[in-house]
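Peer 1: Take this structure, written in structure tokens, and hold onto it; I'll ask about it next.
The values are calculated or read from the model by the stated rules, or taken from the named source; none is laboratory data. These numbers were taken from a predicted model, which means no experiment stands behind them. Cβ: placed from backbone, ideal geometry, glycine included. Neighbour counts: every protein chain shown. Calculation scope for accessible area: heavy atoms of the full protein, side chains included, ligands and nucleic acids excluded. Shrake-Rupley method; radii C 1.70, N 1.55, O 1.52, S 1.80 Å.
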Amino acid sequence: MRHEQIETNSALMLVLILLVISVGGLVEIVPLFYINETIEKVDGVRPYTPLEIRGRDIYVREGCYLCHSQQIRPFRDEWLRYGHYSLAAESQYDHPFQWGSKRTGPDLARLGGKYSNHWHVQHLVAPRSVVPQSIMPNYPWLLDNDLDYTDVDGRMRALRVTGVPYSVTQAEYDANVQKYGQAIADQLDITKAQDSLLKQAREKDFDGFPGRITEMEALVAYLQVLGTMVDFTQYNEGYFVEFR
Amino acid sequence: MSDNTNTPQPSGAVQTTGHAWDSDLQEYNNPLPRWWLWCFYGTVVFSILYWFIYPSWPVGNTWIKGFGTVEYTAVDKATGQEQGKEFRWNTRALLLEELGNAANDQQRKAMLAKVQAADYEQIAKDPKMMEFVRSVGKGLFGDNCAACHGRGGQGVVGMYPNLTDDDWLWGSSSDKIHETLVQGRKGFMPAFGQVLKPEQLDDVAEYVLTLSDEAPSSEDSERGKAIFQGQVGGCYYCHGADAKGIPSQGAANLTDKIWAIANVPAQKTLQDKKAVIKEFVAKGVNNTRVMPAWKDRLSPTDIKLLAVYVHQLGGAQ
């Protein structure tokens, strides 16, 4: 085809440009869906509980991902600072993933269990009261707002469409019991979503206010589970090398 | 405006693209410089070599893995032995290679092994080991502990303990600090709001303030003392009859003007100081004073190193 024809026909040029620049993306992304070793075989990774899902949604709503990544890369400095590099398996139920691309604050991929619930509440309400040099904004409304959990089953249904194994039927529930144990399977049951959200919130009381279920409750529940699902002491360091 | 008439070339030597704008503005069609062209061919050849050495094209449910390899050593967790291994090139193997081979990592590993093998007394006596602990410990402390205890270990009054003073809730020996790090701590004080009447709470708060000379002793404080030391309050079970605290309970020393939980120093008047203490006695402490356990997050050597580091921050015995 002659150059002149392309250059003088903007619609044709647009189509051809789209075709050419999509090659790079297609070659890099599409194969990941059918290459066997994309997702490492590890135990422990489970879908989020209803309370954690709501926390995750608040994380997204407040734009936490704009300043915090959730992806530890296999570099020496990151290994020493944050711990084990992130696995693909660890974000297999994240839709959309929260890897982020900018670290204004520290990476959060292995935040769970690192600090107490009380610290998280204090730090989210007034970051500089515990870390004087912090530039993170205050999020006081998380403690003021009561959590709206009435639509949590809808949110789970949406995730189910993308392949997250939340259960609706008895057969799916039984499969989850087999895979994750009864306690977790109960939490993954969409028909009991609101009850199990309330149960987890009351048992753990993440926000320090036993009588209330605030947005803080959900967010802290989510932050406390980040990066804690895989027990890395069970695997040799060389094990994960073989998946790449 | 462009038109496509081929106007005669003024120079004649170089071809033009054939367009003419504004009737006489033309564009030379010079060939690419030879050096540039060769560089381009060079990159094409390089890319083909690259495909063979590094992982590249996806094929079916696997991919071309490349001939490149990485040698690394990793500890086998079942046997505890270090094993050398050669594996196809990838960034995870590269990380293990770097962790094992980098010169400063070798030094670091040797020193870590030395610290792990030595007991606390030996470490304290060896200036080289202490220097190592201070430099590595500073990084570890900054990554893991500073969020609560502050970069210098100064803590936050009323929330997170100061690690540089003489007041230790759970004991200040290296072993106790080690224990605190490994298993974490959960501070607990029962709520007395239901047990004691508001006047009695007032009296106890008054008495607590006299212990550190914040308030003069009075009739109120004497009544408070009776509650503190008697069966009604029973505060002495945990805080001790001398009110100096019992580290095995994590109970605070109330006589030393260092306030770990109630933010007394920030209050200006005696009334306000009393109110803060009264609130804590009434509500107790539950679920808020938590030190996380680090045994699953940090290696035993890192924890030992941190115990030494925290111990040398200043206040520990």
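Peer 1: List the residues of segment A:203-244 that lose 20 Å² or more of accessible area once all protein chains are present, compared with their chain alone (1.4 Å probe, heavy atoms only, no ligands or nucleic acids).
Peer 2: SASA drop of 20 Å² or more in segment A:203-244: A:Thr233, A:Asn236, A:Glu237, A:Gly238, A:Val241, A:Glu242, A:Arg244.
Peer 1: Using a 1.4 Å probe and counting only protein heavy atoms, how much accessible surface gets buried when B and A come together, both sides summed, in Å² to the nearest 100?
Peer 2: Summing both sides, the interface buries roughly 3800 Å².
Peer 1: Let me ask another. Can you list residues from other chains, or at least 5 along the same chain, whose modelled amide H is less than 5 Å from the amide H of B:Arg151?
Peer 2: Placed amide hydrogens put nothing under 5 Å from B:Arg151.
Peer 1: Right, something else. By how many degrees, between 0 and 90 and to the nearest 10, does the Cα long axis of helix B:198-211 differ from the longest principal axis of chain B?
Peer 2: 80 degrees
Peer 1: Let me ask something else about it. Grab the DSSP H runs of chain A that are 4 residues or longer, score each as -39,500 (n - 2.57), total them, divide by all residues and round the 222 nm result to the nearest 500 deg cm²/dmol.
Peer 2: For chain A, the value works out to -12500 deg cm²/dmol.
Peer 1: Additional query: Using the structure shown, list the pairs from A:Lys199/B:Lys138; A:Lys114/B:Lys197; A:Lys102/B:Lys114; A:Lys114/B:Lys65; B:Lys257/B:Lys283 with a Cα-Cα distance above 29 Å, or answer none.
Peer 2: A:Lys199/B:Lys138; A:Lys114/B:Lys197; A:Lys102/B:Lys114; A:Lys114/B:Lys65
Peer 1: In whole angstrom, how far apart do the alpha carbon centroids of segment B:77-154 and segment A:93-134 sit?
Peer 2: First find each Cα centre; the distance between them is then 25 Å.
Peer 1: Dividing the convex hull volume of the alpha carbon atoms of chain A by its residue count, what do you get in Å³ per residue?
Peer 2: Details: hull volume 48.8 nm³, N = 244.
Taking only Cα atoms, chain A has a hull volume of 200 Å³ per residue.
Peer 1: What does the highest-first list of B:34-47, B:83-96 look like by mean Cβ count within 10 Å?
Peer 2: By packing density, highest mean first, the sequence is B:83-96, B:34-47.
Peer 1: Separate question: On average, how many beta carbons from a partner chain sit within 10 Å of the beta carbon of a residue in A:53-62?
Peer 2: 0
Peer 1: For segment A:80-169, what mean projected area does the convex hull of the alpha carbons give, in nm²? Don't jump to the answer; show the numbers that get you there.
Peer 2: Details: hull surface 33.4 nm².
Mean projected area of the Cα convex hull: 8.4 nm².
Peer 1: Can you put B:Ile53, A:Ile58 in order of accessible area, largest first, using a 1.4 Å probe?
Peer 2: Largest accessible area first, the list is B:Ile53, A:Ile58.
Peer 1: With a 1.4 Å probe and every protein chain left in place, tell me how much accessible area A:Glu4 has, in Å² to the nearest 10.
Peer 2: Per-residue accessible area (A:Glu4): approximately 80 Å².
Peer 1: Give me the inter-chain shielding for B:286-296: mean count of other chain Cβ atoms within 10 Å, whole number please.
Peer 2: 4
Peer 1: Further, regarding this structure: Roughly how crowded by other chains is peptide A:116-122, in terms of the mean Cβ count from those chains within 10 Å of each of its Cβ atoms?
Peer 2: 5
Peer 1: Go ahead and estimate [θ] at 222 nm for chain B from helices alone: -39,500 (n - 2.57) per DSSP H run with n ≥ 4, summed, over the residue count, rounded to 500.
Peer 2: Result for chain B: -13500 deg cm²/dmol, rounded to the nearest 500.
Peer 1: Suppose accessible area is computed on protein heavy atoms with a 1.4 Å probe; arrange B:Trp51, A:Trp119 from highest to lowest. Don't skip to the end; give the middle numbers.
Peer 2: Numbers: B:Trp51 100, A:Trp119 15 Å².
Order by accessible area, largest first: B:Trp51, A:Trp119.
Peer 1: For a quick size check, give me the Cα extents of the protein assembly as shown along its three principal axes, largest first, whole Å.
Peer 2: On the principal axes, the protein assembly as shown reaches 115, 59, 59 Å in Cα extent.
Peer 1: While we're on this one: Would you give the gap between the C-alpha center of segment A:152-181 and the C-alpha center of segment B:244-295, rounded to a whole Å?
Peer 2: Centre-to-centre (Cα) distance: 45 Å.
Peer 1: Considering Cα pairs under 8 angstrom that are at least six residues apart, work out the relative contact order of segment A:1-108 and quote it in whole percent.
Peer 2: Across segment A:1-108, relative contact order equals 27 percent.
Peer 1: Over the protein assembly as shown, what percent of the accessible surface lies on carbon and sulfur atoms, probe 1.4 Å?
Peer 2: Reported share for carbon and sulfur atoms: 57 percent.
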